[in-house]
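Here's the structure, in structure tokens; my notes come after.
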Amino acid sequence: MLTAKSEESDLVLGLEIGANDYITKPFSRKVLVARIRTQFRIMSEQEISKELRRAGLVINSDLHSVKLNGNDLELTFSEFEILKLFAAHPGRVYTRNQIIAKIKGEGYPVTERAIDVQIVNLRRKLGLWGANIETVRGVGYRMKSEVTA
């Protein structure tokens with residue numbers, strides 16, 4: 001954000017609503033250019049790291065591959081997307097409808113129980129590691145915050 005508002009509360013609000021940086025007027029051109037370069041560097045580093053790693057599990061979004069303890073896993077599109085969603089946000093509980101919306105889009109015509117089937121198949125393919133995907137009774141599913149190999 002580039003703004004004339006320089007109060008601490010304005011800065012905090014700007015960062016809390018999603019700004020990556022907050023610059024107040026007047027500003028130095030050199031400082032502005034340096035901060036823009038920093039944001040480009042951060043974005044570039046994020047692009048390079050397309051892998052999620054969790055206790056022996058490696059999910060590569062670019063290659064659409066999953067390895068568990070070095071072994072390739074054959075997952076369906078939905079299984080892959082569910083696992084990636086959970087691994088990106090360990091500990092967060094997702095309802096069946098939220099999972100459907102995240103992997104298929106809002107309003108996708110599928111029953112909630114289809115997610116249960118996907119979870120069962122995913123756990124089976126993960127073997128013992130599948131215990132890291134928990135059922136939250138009456139709510140949905142999550143990956144444990146502290147996953148174990």
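Details
- Most mobile of Gly130, Gly91, Gly14 in a GNM of the chain (Cα contacts under 10 Å): Gly14
- Apportionment of accessible area to carbon and sulfur, the chain, percent (1.4 Å): 52 percent
- Cut-off under 5 Å, modelled amide H: who pairs with Glu134 long-range: Arg142, Met143, Lys144
- Sequence-separation-based contact order of the chain, relative, with Cα cut under 8 Å and 6+ spacing, percent: 17 percent
- Rounded to 10°, Cα long-axis angle of helix 113-126 versus longest principal axis of the chain: 80 degrees
- Ignoring lysines fewer than eight residues from Lys5 along the same chain, the ones with Cα atoms less than 24 angstrom from its Cα are Lys25, Lys30.
- FRET E, pair Asp72, Ile36, Förster distance 41 Å, beta-carbon r, rounded to 0.05: 0.55
- Per residue, region 1-81 exposes 75 Å² of accessible surface when a 1.4 Å probe is rolled over the protein heavy atoms with every protein chain present.
- Cα-based reach from Lys50 at 20 Å (exclusive), listing aspartates and glutamates while leaving out same-chain residues under 8 positions away: Asp62, Asp72, Glu74, Glu79, Glu81
- Each residue of region 132-142 is assigned a 3J(HN,Hα), and the resulting list reads 6, 9, 9, 8, 9, 3, x, 10, x, 9, 7 Hz, derived from the Karplus form 6.51 cos²θ - 1.76 cosθ + 1.60 (θ = phi - 60°), x at Gly and Pro.
The values are calculated or read from the model by the stated rules, or taken from the named source; none is laboratory data. From a predicted model like this one, the values you see are computed outputs, not experimental measurements. As a convention, Cβ positions derive from the backbone with ideal geometry for all residues, glycine included, and neighbour counts pool all protein chains shown. Quick note on the areas: whole protein, heavy atoms, side chains included, nothing else; ligands and nucleic acids left out. Shrake-Rupley method; radii C 1.70, N 1.55, O 1.52, S 1.80 Å.
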